[in-house]
Amino acid sequence: MMSGVSLRVSRTMHASPERIFEAWTEPVQLAMWWRMDEPGWALAGATVDLRVGGAYRLAMTAPDGQTHAAVGIFRDIRRPSRLVFTWDWEAETSRVGPTRVTVEILDRGGGLTEVVVVHEAFADPERVPGHERGWTQLLLRLERTVAREGREMEDVS
């Protein structure tokens, strides 16, 4: 167990674990949802080397034009149910130190999947509320993305 303060957010979605895993790990899919759920935010780039020891960089641009890039290394990958990676901000002024994110993708049956994000080892407790807000918004955007795709598939059939 890592020391420090942690947070946990979760959301249940109408999508398969595999679909959610793809949305979380493929740059083209990340482009559909990886940004804050507020006007003026945009994806600024996503690179993912999906292997244990592989790096990622996920960046979004704020309404003021500032880029916020999260960077880290994958520590555990269990397709389609689990991702563990280190997390920090690229900009020196935004760094939170060596934190870890665990994403559990849990099949709840009936076409429902629960996504649980645990972000742990914050040295500064004051940094937790902003990250909790961010993860909550990201999961909302992810849910909208996979739900929209599900409705489009139903319309085709």
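No lab work stands behind these numbers, since they all come straight from the coordinates. Please read all numbers here as calculations on a predicted model, not as lab measurements. Here Cβ is always computed from backbone atoms with ideal geometry, including for glycine, and neighbour counts include all displayed protein chains.
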The chain: most fluctuating residue of Asp49, Asp37, Asp124 per GNM, C-alpha cutoff 10 Å: Asp124
Formal net charge of residues neighbouring Phe122 (Cβ-Cβ distance under 15 Å; K, R +1; D, E -1): 0
Principal-axis tilt of helix 128-156 within the chain, Cα atoms, nearest 10 degrees: 20 degrees
Proxy reagent accessibility, fewest Cβ within 10 Å first, across Phe74, Phe21: Phe74, Phe21
Exposure proxy order (Cβ contacts within 10 Å, fewest to most) of Trp89, Trp24: Trp89, Trp24
Rg/Rg_ref, segment 15-133, where Rg_ref = 2.2 N^0.38 Å and atoms are Cα: 1.07
